[in-house]
Amino acid sequence: MDKYQADKVVVLDALTYAGNIANLDNVKNNENFIFVHGDICDQPLIEELLVEHGIDTLVHFAAESHVDRSITGPDAFIETNIIGTYTLLKAAKKVWLDGDNVIDGHRFHHVSTDEVYGTLSATDPAFTEDTAYAPNSPYSASKAASDHLVRAYHHTFGLNVTTSNCSNNYGPFHFPEKLIPLVITNILHDKELPIYGDGQQIRDWLYVEDHAYGIDLVLQSGRIGENYNIGGNNEWANIDIVTTISKLVEREFETNSDLVIRFPNAKAAIAQNTESLITYVKDRPGHDRRYAIDATKTNDELGYQPRESFESGIAKTVQWYLNNESWWQSVMDGSYQSWIAEQYT
Ligand code: DAU
């Protein structure tokens, strides 16, 4: 909304467990912003929104995204990621291709993941857009299925689609079930830092605004029917991420005495070694060993380069969590969900 100030933006969100309307506080008073509480599986609602607001561009971010949850409860992943995507596609086809509101320059952009490509060994080349799909978890299988449906709606019906496959994001507003925010908030609460298996699994981390920037480039200049990999060229073993964050938080405590008052239970508050919280736990079933994105196509065709270095991005992220305790406390104790329930039921 900062960049395209004349554009109207309609956000549709079901506000399930990780959805949080407080994340939209900075745009809620903008006259071009509209929030709709609803479900992507509700086809009449999607059609109505597309027509009512004259929407010509649909960016599909909505997903169940946490791999651990897909292992204990895959149903929600099938419903949201597969049926939800299918429903959006059906609605878009009906309104943009078949109805009275045909929009030639429409775009359906699908936000996907590098996990659809499966896992790499330490020496395998990084995933390109031509790497065969080989999803290993119910989560990645559901995302792969949705990618295929998007592709099919382009090839069969002529819907103008693009898909981006991105590596692990991190940054502000990251729900504290994911590794990076979990580690930051657990350090502040003096809780164990759970490392799955041997902690040598590798992820390719990208600052969230660099992901948004990549999606913007695909929307502006991506070729219809194409997939674009978005990544940071920034591979880290999980254990190294955790020790890096521990050191960053310790350094903050050394220079900011206010933190010692706010988080008296943190080891860093009493100058103890935070890394002692690291606890090796049972591995995630089917845990992918390594992800790495080769973003050459996106770099060459669209001029994409991440703007944030990992050093600056992770330091900003740690700062954000230190400065936004009320956000993550309400997320972790669930009080934001009761507030949502009061407002939206
Ligand atoms: O690669 C992109 C994907 O990144 C996205 O498609 C997913 O939606 C997103 O959740 C993320 O998946 P990961 O499974 O890689 O992210 P997560 O933060 O859950 O875990 C990162 C790594 O850290 C992974 O190897 C598992 C490990 N881990 C995670 C948690 C939560 C731990 O060792 N301990 C933990 O407590």
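The values are calculated or read from the model by the stated rules, or taken from the named source; none is laboratory data. This one's a predicted model, so the numbers in the text were calculated from it and none came from an experiment. Quick reminder, even Gly has a Cβ in these numbers, built from the backbone with ideal geometry, and neighbours come from all protein chains shown. Ligands, DNA and RNA are stripped out before the accessible areas are found, and what is left, the full protein with its side chains, is counted by its heavy atoms. Shrake-Rupley method; radii C 1.70, N 1.55, O 1.52, S 1.80 Å.
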Q. Are any of the residues in region 108-128 more than 14 Å from the ligand (Cβ to nearest atom) and modelled with pLDDT under 95?
A. no
Q) Within the set of pairs 6+ apart or on separate chains, which have a first residue in region 62-74 that is farther than 14 Å from Glu115 by Cβ and in contact (Cβ under 8 Å) with a residue 12 or more places away in the chain, a second that is assigned to a helix (DSSP H, G or I) and more than 10 Å from the ligand (Cβ to nearest atom), and C-beta atoms under 6 Å apart? A) Pro74/Pro138
(Q) Being among the hydroxyl-bearing types (Ser, Thr, Tyr), more than 22 Å from the chain's Cα centre (by Cα) and at pLDDT below 95 is true for just one of Thr243, Thr274, Thr345, Thr279. Which residue is that? (A) Thr345
Q) Are any residues in region 52-72 more than 21 Å from Leu219 (Cβ to Cβ) and either away from the ligand (no atom under 15 Å from the Cβ) or in contact with a Lys or Arg (Cβ under 6 Å, 6 or more places away or on another chain) (or both), and if so, which ones? A) Glu52
Q: Collect the residues in region 216-236 that are open to solvent by less than 50 Å² (accessible area, probe 1.4 Å) and over 19 Å from Tyr117 (Cα atoms), keeping them in residue-number order.
A: Asp216, Leu217, Val218, Leu219, Gly222
Q.
more than 30 Å from Thr163 (Cα to Cα) and in contact (Cβ under 8 Å) with a residue 12 or more places away in the chain: which single residue out of Ile270, Ile278, Ile261 fits that description?
A. Ile278
Q | Close pairs from region 193-205: first of a type in the set (Lys, Arg), partner open to solvent by 40 Å² or more (accessible area, probe 1.4 Å), Cβ under 7 Å, at least 6 apart | A | Arg203/Trp236
